[in-house]
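Participant: Structure incoming, see below.
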Amino acid sequence: MLPAQPVRPKEVVGLAPCPHHVPVPTCEEVASIADSVDRAARAHELIGGKTPRPGQLRELRANALRTAIGEGRDAAELATRLGVRAADIAWMTSLEKPTWPVRATTR
């Protein structure tokens, strides 16, 4: 019988990246997209996923939508591109911060 050989871990160097893993762009990369509609759409796509800064993406989307509207783009066109209702564009571009009702405290 042969003596037992020590089991060594396989080398990890040189492995190809997983074909199913797509790197998520950073907020800075999204902000660098030149077209305001493309920038808003990309930010909107990323908000639903696992992103470390969803608040910053919402702000990027809002600013991009405001820019697009300022350039004369129609809210219905923007809504179609983002896959939302035209009424949603109004609250997405609102400068107001959402507020929540104060919970009644009982003692």
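What follows is calculated from the coordinates using simple rules that are stated; it is not laboratory data. Treat the numbers as computed from the prediction; the structure is a model and nothing was measured. Every residue, glycine among them, receives a Cβ derived from its backbone with ideal geometry; neighbour counts consider all protein chains shown.
Participant: Compare the peptides 69-79, 39-49 by average per-residue count of other Cβ atoms within 10 angstrom and give them in order, highest first.
Facilitator: The most tightly packed comes first, giving 39-49, 69-79.
Participant: Further question: For a bin width of 10 Å, list the pair-distance distribution of the range 27-92 built from all Cα-Cα distances, rounded to whole %.
Facilitator: Per 10 Å bin, starting at zero, the Cα-Cα P(r) for the range 27-92 comes out as 24, 59, 17, 0 percent.
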